[in-house]
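> Input: one structure, supplied below.
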Amino acid sequence: MTTKCRRGLAAVVPGIALLLVAGCSTDGRDYAVPREICGVRVPQKVLEPLLPDGEKLHQSLRPVGEDGSLADCQVNVVDGPIAVQVDITRLDKPLTAEDKQVSLKSESLKHAKSVHIAGTHWAVQGDNDLHLSTPCGTDRADSLSFRFSFSKGEQGTEVTRRNTLRFAKAFVDGRKKKEGCTK
């Protein structure tokens, strides 16, 4: 190889490396995985597989209804679909076996099956949704109901039954602590 050719190659290689680095930075997750989701501390390794690629993450937690017995939590990448949605309801009594059957037959819970989550009355999991009832034991709530929805098929996510179940367990435990549940 001639000296002229080597100099030309030396000039091109850094340019290619720069293009490769620039190309990598435009894909993927530009935001940090949060330590809390809607006021509940969740391990980042449990949350990360459920969050899509994007530039900035947005969270909202708002009470629904005048008595505040229902809260809606949404997490999405700005201008993107809702990645994680959780509806939390404070109940004066637990959801029943009939409620479980309704969830099992629900159109929104695709391929629903009963799953075991320690400390719950019952839990039903679909492909990318989960519904459960758990005891609480406070003056504000005898029980809590959680409805989880996860955006499946988004770039950068691994929305599997295993990952959504791990997240639900961590979130429910954290929310029960926050509520001051005694059961």
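The values are calculated or read from the model by the stated rules, or taken from the named source; none is laboratory data. Bear in mind the structure is a predicted one, so any value in this text is a computation, not a measurement. All Cβ positions, glycine included, derive from the backbone under ideal geometry; neighbour counts span all protein chains shown. We work out accessible area using only protein heavy atoms, side chains counted, and drop any ligands, DNA or RNA first. Shrake-Rupley method; radii C 1.70, N 1.55, O 1.52, S 1.80 Å.
> Identify the residues of the stretch 157-183 with backbone N under 15 Å of a label point that sits 7 angstrom from the Cα of residue 115 along the Cα-to-Cβ direction, or state none.
Under 15 Å, as judged by backbone N against the label point of residue 115, lie 158-173 of the stretch 157-183.
> Assuming 0.36 nm per residue, please report the length gained on full extension of the stretch residue 127 to residue 179 beyond their Cα-Cα distance.
Details: separation 52, 0.36 × 52 = 18.72 nm, distance 2.82 nm.
So the chain would gain 15.9 nm between residue 127 and residue 179.
> How much length is gained on full extension from residue 92 to residue 105, taking 0.36 nm per residue of separation minus their Cα-Cα distance?
Details: separation 13, 0.36 × 13 = 4.68 nm, distance 2.43 nm.
Gain on extension, residue 92 to residue 105, equals 2.3 nm.
> Anything over 21 Å Cα to Cα? Flag those among 110/152; 93/177; 56/176; 152/176, in the order listed.
Listed pairs above 21 Å: 56/176; 152/176.
> For the pair residue 82/residue 155, report the inter-label distance in nm, with labels modelled 7 Å from Cα in the Cβ direction.
2.3 nm
> With Cα Rg over 2.2 N^0.38 Å defined as stated, name the option among (1) 1.39; (2) 1.22; (3) 1.72 computed from the structure displayed.
The listed entry that was calculated here is (1).
> Counting pairs of alpha carbon atoms under 8 Å apart in space and at least six apart in sequence, what relative contact order in percent does the chain give?
Values: 336 pairs, mean separation 36.0, N = 183.
Across the chain, relative contact order equals 20 percent.
> Around residue 40, what is the net charge, scoring Lys/Arg as +1 and Asp/Glu as -1 over all other residues with Cβ under 11 Å from its Cβ? Provide the component values of the computation, followed by the final result.
Details: positive: 35, 41, 175, 176, 177, 178; negative: 36, 173, 179.
My count for the surroundings of residue 40 gives +3.
> Can you show me the helix-derived [θ] at 222 nm for the chain, built from DSSP H runs with n ≥ 4 at -39,500 (n - 2.57) apiece and divided by the number of residues, rounded to the nearest 500. Kindly include the intermediate steps, with their values, before the conclusion.
Details: 4 runs with 56 residues, N = 183.
The helix contribution divided over the chain gives -10000 deg cm²/dmol.
> Using a 1.4 Å probe over the heavy atoms of the protein chains, calculate the carbon and sulfur portion of the accessible area of the stretch 110-183 as a whole percent. Can you show the working numbers first?
Numbers: 1630 of 3590 Å².
Carbon and sulfur together cover 46 percent of it.
> When ligands, DNA and RNA are left out and all protein chains stay put, how many square angstrom of accessible area per residue does the stretch 80-139 have with a 1.4 Å probe? Walk me through the numbers before you get to the answer.
Working: 3070 Å² over 60 residues.
Value for the stretch 80-139: 51 Å² per residue.
> Per residue of the stretch 33-44, what does 6.51 cos²θ - 1.76 cosθ + 1.60 with θ = phi - 60° give for ³J(HN,Hα)? Whole Hz please, x for Gly and Pro, Karplus curve as stated.
Using θ = phi - 60°, the values come out as 5, x, 7, 10, 10, 6, x, 10, 6, 10, x, 4 Hz.
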